[in-house]
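The structure appears below as structure tokens.
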Ligand code: OAD
């Protein structure tokens, strides 16, 4: 791919880069995105049945099992070339912040260091009542496991619809976006708030905006550079062009 020389020049000089990723970055690892019209998770399941506090109250076992299924799927995959390219990019940049909406932990597994998980991590489990994180739970298939401390139901440590994002992560993400010189939006449809607003916060503060996504998104008309294709192919080429 031929990248615009202006972008390469700017990237080699820049000190502060912020990257926002979404499910598209993990697609080439074999994980489903959410809004793909054929096999996106939200084409096959209803978010209101599975990803809200109301759903968990109504049918905790259904919700627990769905996340257990996703957790197992994630355990069976590896980071892809896009994740590894972001690890390389971080090594070249003085201040690099990787904000992800993904709950699969693949950026950290690849070796990215400064990662903000805005929507939590499905590999972590916590008590729905007292919030205590736990690394072990019984695998009784009949019922949802319970907290050893308070006997509350265990749930995945992810953000559901209608819930607030983790405060510290969100604050760090907003301030990083406001100070970014280059902001990348990668593999995200950019329709879920408040993550989607980060690109606009960066742009309003003078950042160059770059989109790498399989298809155009609502953000595309506002970006300085848009590359449409697979992040696992474009990112390694981009990082190579920097060396
Ligand atoms: P989406 O499924 O909404 O968007 C994924 C985007 O990635 C789409 O625009 C695809 O075109 C693009 N894409 C697919 N494969 C790609 C590839 N190989 N390379 C580059 N781009 C590719 O997923 P998100 O934007 O992550 O929230 O969704 C945001 C949030 O909505 C999720 O974190 C989740 C969901 O509801 C919660 O669960 C709270």
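Rule-based calculations on the coordinates, nothing more; no lab input. Since we're looking at a predicted model, the values are computed, not measured. Backbone-built Cβ (ideal geometry, glycine too); neighbour counts: all protein chains shown.
Of all positions in the range 78-101, at least one carries a residue that is surrounded by fewer than 17 Cβ atoms within 10 Å (Cβ to Cβ), more than 19 Å from residue 242 (Cβ to Cβ), within 16 Å of the ligand (Cβ to nearest atom) and within 16 Å of the chain's Cα centre (by Cα).
Scanning the range 15-43 for residues that are near the ligand (Cβ under 8 Å from one of its atoms) and within 12 Å of the chain's Cα centre (by Cα) yields 21, 22, 23, 24, 25, 27, 33, 34. Selection of helices (runs of 4 or more DSSP H) fully inside the range 156-243 by the criterion of at least 3 residues being within 12 Å of the ligand (Cβ to nearest atom) returns 231-241. The residue pairs whose first member lies in the range 41-53 and is touching a residue at least 40 places away in the same chain (Cβ under 8 Å), whose second member is exposed (fewer than 13 other Cβ atoms within 10 Å of the Cβ), and whose beta carbons are closer than 7 Å, counting only pairs six or more residues apart or on different chains, are 52/162; 53/162. Looking only at the range 58-74, residues that are farther than 14 Å from residue 156 by Cα and without any contact (Cβ under 8 Å) to a residue 24 or more places away in the chain come to 2 in all. Cβ-Cβ distances below 6 Å connect the following pairs, each with a first residue in the range 148-167 that is farther than 16 Å from residue 66 by Cβ, a second residue that is within 16 Å of the ligand (Cβ to nearest atom), and a separation of six or more residues or different chains: 162/52; 165/118; 165/159.
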